[in-house]
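One structure is given here, and the rest of the page talks about it.
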Amino acid sequence: MTASIKDAHGGRLVNLLVDEERARLLKDIALNISDIALNDRQLCDLELLAIGGFSPLTGFMNRSDYESVLDRMRLQNDILWSLPICLDIPKSLAVNLDAGQSLALRDPEGFLLAVLHIEDVWPIDREKEAQQIFETLDTKHPGVSYLFNKSGDYYVGGHLEVISLPLHFDFKQLRLFPKEVRAMYAKLGWHRVVGFQTRQPLHRFLFEMSTKAMRQTRANLLLLPVAGMTRPGDFDHYTRVRCYQAVSSHFPPNSYVMSLLPLAMRLSGPRDALLDVIIAKNYGCTHFIVGHDHASPGADINGKGFYKSDRASRLAEEFSEEMGVEIVSFEKVVYLPFEDEYRSIDQVPEGTQTIFMTGSDIRDRIREGRRIPEWATFTEVVSELQKAYPPPRHQGFTIFLTGLSGAGKSTIAKVLYSMFLEIGDRPVTLLDGDIVRQNLSNELSFSKEHRDINVRRIGFVASEITKNRGIAICAPIAPYEYTRHEVRQEIEAYGGFVEVHVSTPIGECEKRDRKGMYAKARAGLIKGFTGVDDPYEEPESPELRIDTTAMTPMEAAQEILLFLGKKGFI
Ligand code: PPS
C-alpha cells in the first residue's frame, strides 16, 4: 500500500519512523552522543518530516540543499522546494559536532524522539536568508524575528531516523498521517480533492471560498487547519478546531475530511504558498486553494503588507503544472449586503456596495467584546470564540511597569495592588522587581543574558496568571525592548497587556536615590547599573507613559485605572 503512494514529486511518500528493533538500538546510541531539546518550531518540522508531509525530504536539509533552496527555490537534485527546513543549534553545540557524527533530538522534557545523522554543520548567514526568503530585514516580520532573535547561530543537516513523534494528547482522532488521509479518499471513492489550509476559524468568507472551490473543481475538500505555529496573536488551535467542528453541519454531508497539520508557518507569503501546495500534494490533493494574502505575516513597520496580496497565488499558479496540483486562486471575497451574497471582488460590478471583515478585525472584535455580524462569521463560531476569549471585563490582564530604578514603579504597583484588591473581582498578584529577584531569580546577575532570563520568568508567571483570568502587576526595570515585546506576545495570547513606561528621567531618579544605588554606581562600586553604565531601551509604543516627577503614586495609579476602564477591563 505505502509503496504505491506517491509524494509531491512522483517518488514514494517518506516515512521516517523506524521499527521497534531499530528504535532500541538508536536509544542505546543516543546514550553516548550529544543531544538537543527541540523548540516548538523544530518539533513541528520533525513531525512533518517524519510522517511524509515534507516528502521527499528525509531529514533536516544539508548545506547544499539549503543554499540551492535560497538561491533558486530548488533542492540540489532540481526538485522544486521553496523554504529551508533546517535545524538551528547554538554555537556551543555546533563546535562539538562534525559530519559523520549523530545527534539525539529530544522533546523539552528530554524524551528521545529521533537521531540525526549529520552531513553538515554551518554558520547561518541571517541577512542572506532573510533577504532571499522573506525579502526584508524588518524584524516586525515574525519569520525574520525568529531568524534574528530566536534561532541558533548554526544549522545542522542530515538524514533522520525517528523513534517517536512529538506527543499530542489533544484531538488525536484528527491528527492523521498523509498516508492515512489518502487511504480515506480511497475508501470514500474520492478522486478529486481540493486542499484548504487555514490558520483562521472558518469565517463566512473562508467557508464561501472553500465551498465555491469544491463546486468549481467538482472535488471533495481536505481541510488542513494549522495546528503547529501560526501568526502571533492568532486564536489557539483548540479554539479553532472547536470552531471547525461547530460549522461542520454547514457543509454538504460527507463532503470533507479534516486533518490537523503540525506545520510551523514561516509566513513568507509566496514561498509559504508553494510549500503548502507541496504538502497538500503529499496529502493527496489534486487541487489547492490559494486565497488573497496567503500566509501573510501582517503589516510592516509602516503599516503596509510585506507582499502584494496576489503574489502567493501567482507563484503557486506558475508552478502548478510541475507540482501536478491545480491552483484555485481567489481574490478577496466580499459580502454584497443588498444581494445577500458573497463574491470574489473581481466579480463585483462597479458601483455595487460591498462589505468585508478580515480575520484580524473579527479577532479584535472578539477580544474587545464587540458584536460580530452574521455575514462575517457563523453564530456557532462566534459562541465558540466568545467562550475561549471572553470580553475584557472577564479576561485576565497584566500591568507591566517598566523604567529606571527609582522611577516609581514599585510604589505605583503597590497602590494598584491595593486598589484591585479593593475592587475584588479577580485574584491579584504583585511581581515587583525586588520580590522576584528574591524568590524566583536569586541566582541571577544583572548581565544582559540574566536580565532577559529574569524578565522572561516574570512574563511566564504573568501569562499563567492572565490565562487564568487574574491580574498580574509586574514592576521590573526590563531594559530591553525585544524581551518586553516577547513578554507582550506571550501574554496577549491570553488577555490584556498594559505596558506602562514609568518615564521619570534619570536626573530625578538619581536625586531620589532611596537605596543609595546611584551613588554607589557613580562611585564605581556597582558595575552595569541601568542608566549609569548599562542601557535602558525606551519603549516604542507603550499603552501609557507616566513621569512621576510631578505626580503622586495615587495619581499615577488613577491614570492606569482610567485606561483600564476605557478598554473595558474594569
Ligand atoms: S531587570 O533588569 O529587569 O532584571 O532588573 P530588576 O529585576 O527589576 O532589578 C532591579 C533592582 O535591582 C537593583 N539593582 C540593579 N538595578 C539595575 N542595574 C544593576 N546593576 C543593579 N544592581 C542591583 C535595583 O535597586 C533595582 O531596584 P528598583 O526596584 O528597580 O529600584
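Assuming a ≥ b ≥ c are the square roots of the Cα gyration tensor eigenvalues, decide whether the chain counts as rounded (a/c under 1.5), prolate (otherwise, with a/b larger than b/c) or oblate. Before the final figure, lay out each step's value.
On the way: a/c = 2.09, a/b = 1.36, b/c = 1.55.
Note, shape of the chain comes out oblate.
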Within segment 268-370, GluC sites (Glu not before Pro) in DSSP loop having at most 11 other beta-carbon neighbours inside 10 Å: GLU350
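Taking the Cβ of ALA478 as the center, what net charge do the other residues with Cβ under 15 Å away carry, scoring Lys and Arg +1 and Asp and Glu -1? Each step should come with its number before you reach the end.
Working: positive: LYS409, ARG437, LYS448, ARG451, ARG456, ARG457, ARG484, ARG488, ARG545; negative: ASP432, ASP434, GLU449, ASP452, GLU481, GLU486, GLU490, GLU499, ASP534, GLU537, GLU538, GLU540, GLU543.
Here the charged neighbours net out to -4.
May I ask you to compute the full-extension gain from ILE355 to MET184, defined as 0.36 nm times their residue separation minus their alpha-carbon distance, rounded to one decimal in nm?
Values: separation 171, 0.36 × 171 = 61.56 nm, distance 3.84 nm.
Taking 0.36 nm per residue and subtracting the Cα distance, the gain is 57.7 nm.
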Might you report the magnitude of the Cβ-based charge dipole of the chain about its Cα centre, with Lys and Arg at +1 and Asp and Glu at -1, to the nearest 20 debye? 1140
Based on the Cβ-Cβ distance of PHE169 and LYS511, what FRET efficiency does E = 1/(1 + (r/R0)^6) give at R0 = 56 Å, to the nearest 0.05? 0.50
What is the magnitude of the charge dipole of segment 254-370 about its Cα centre, with +1 placed on the Cβ of each Lys and Arg, -1 on the Cβ of each Asp and Glu, and no other charges, expressed in debye to the nearest 20? 540
Could you name the aspartates and glutamates in cross-link range of LYS515, using Cα to Cα under 17 Å and dropping any fewer than eight places away on the same chain? ASP432, ASP434
Charge sum, other residues only, whose C-beta stays under 14 Å from GLU109's C-beta, Lys/Arg counted +1 and Asp/Glu -1: -2
Signed unit charges on C-beta, dipole axis of the chain, positive-most listed residue ALA219, SER255, CYS44: SER255
With all protein chains present, calculate the accessible area of MET517 using a 1.4 Å probe and round the result to the nearest 10 Å². 60
Heavy-atom accessible surface of segment 468-538: percent carbon and sulfur, 1.4 Å: 52
Between segment 290-318 and segment 374-412, the alpha-carbon center distance in angstrom: 29
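Tell me what the chain gives for mean residue ellipticity at 222 nm when only DSSP H runs of n ≥ 4 count, each as -39,500 (n - 2.57), the sum divided by the residue total, rounded to 500 deg cm²/dmol. Before the final figure, lay out the partial values.
Numbers: 21 runs with 206 residues, N = 570.
For the chain, the value works out to -10500 deg cm²/dmol.
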Work out the FRET efficiency for LEU25 and HIS394 from their Cβ-Cβ distance, taking R0 = 51 Å, and round it to the nearest 0.05. 0.45
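Could you compute the FRET efficiency for GLU449 and LYS308, with r as their C-beta to C-beta distance and R0 at 56 Å, rounded to 0.05?
Details: r = 40 Å, r/R0 = 0.71.
Here the calculated transfer efficiency is 0.90.
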Counting only the backbone N, which residues of segment 151-172 are under 12 Å from the spot 7 Å out from the Cα of HIS250 toward its beta-carbon? none
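Measure up LYS27/LYS91; LYS179/LYS281; LYS140/LYS304; LYS308/LYS332; LYS448/LYS527; LYS91/LYS150 against 18 Å on the Cα-Cα distance and list the ones that go over. Before the final figure, lay out each step's value.
On the way: LYS27/LYS91 25 Å; LYS179/LYS281 11 Å; LYS140/LYS304 11 Å; LYS308/LYS332 12 Å; LYS448/LYS527 13 Å; LYS91/LYS150 13 Å.
In this structure, LYS27/LYS91 exceed 18 Å between Cα atoms.
So how strong a dipole does segment 172-388 carry about its Cα centre when Lys and Arg Cβ are +1 and Asp and Glu Cβ are -1, to the nearest 20 debye? Don't skip to the end; give the middle numbers.
Values: 29 positive and 26 negative charges, 166 e Å.
With only Lys, Arg, Asp and Glu charged at Cβ, the dipole is about 800 debye.
Please say if segment 3-162 is rounded, prolate or oblate, where rounded means a/c under 1.5 for a ≥ b ≥ c the square roots of the C-alpha gyration tensor eigenvalues, and otherwise the choice is prolate for a/b larger than b/c and oblate otherwise?
Details: a/c = 1.83, a/b = 1.20, b/c = 1.53.
It is oblate, given that a/c is not under 1.5 and a/b is not larger than b/c.
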Carbon-plus-sulfur fraction of the accessible area of segment 172-388, 1.4 Å probe, in percent? 47
Taking 0.36 nm per intervening residue step and subtracting the Cα-Cα distance, what contour gain separates ASP98 from ILE33 on full extension? 22.2 nm
Where the chain is the region considered: accessible area per residue in Å², 1.4 Å probe: 44
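Answer rounded, prolate or oblate for segment 172-388, using the Cα gyration tensor with square roots of eigenvalues a ≥ b ≥ c: rounded when a/c is under 1.5, else prolate when a/b is larger than b/c, else oblate. Could you put the intermediate results ahead of the total?
Numbers: a/c = 1.33, a/b = 1.21, b/c = 1.09.
Rounded.
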Can you spot the lysines whose alpha carbon is less than 20 Å from LYS387's alpha carbon? Ignore those fewer than 8 places along the same chain. LYS467, LYS567
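Grab the other residues whose beta carbon is less than 10 angstrom from that of GLY406, score K and R as +1, D and E as -1, and report the net. Show your work: numbers first, answer last.
Details: positive: LYS409, LYS511, ARG512, ARG514, LYS515; negative: GLU508, GLU510, ASP513.
Here the count lands on +2.
The values are calculated or read from the model by the stated rules, or taken from the named source; none is laboratory data. Keep in mind the model is a prediction, meaning the values are calculated, not measured. We place every Cβ from the backbone using ideal geometry, glycine too, and count neighbours over all the protein chains shown. For accessibility, only protein heavy atoms count, side chains too; no ligands or nucleic acids. Shrake-Rupley method; radii C 1.70, N 1.55, O 1.52, S 1.80 Å.
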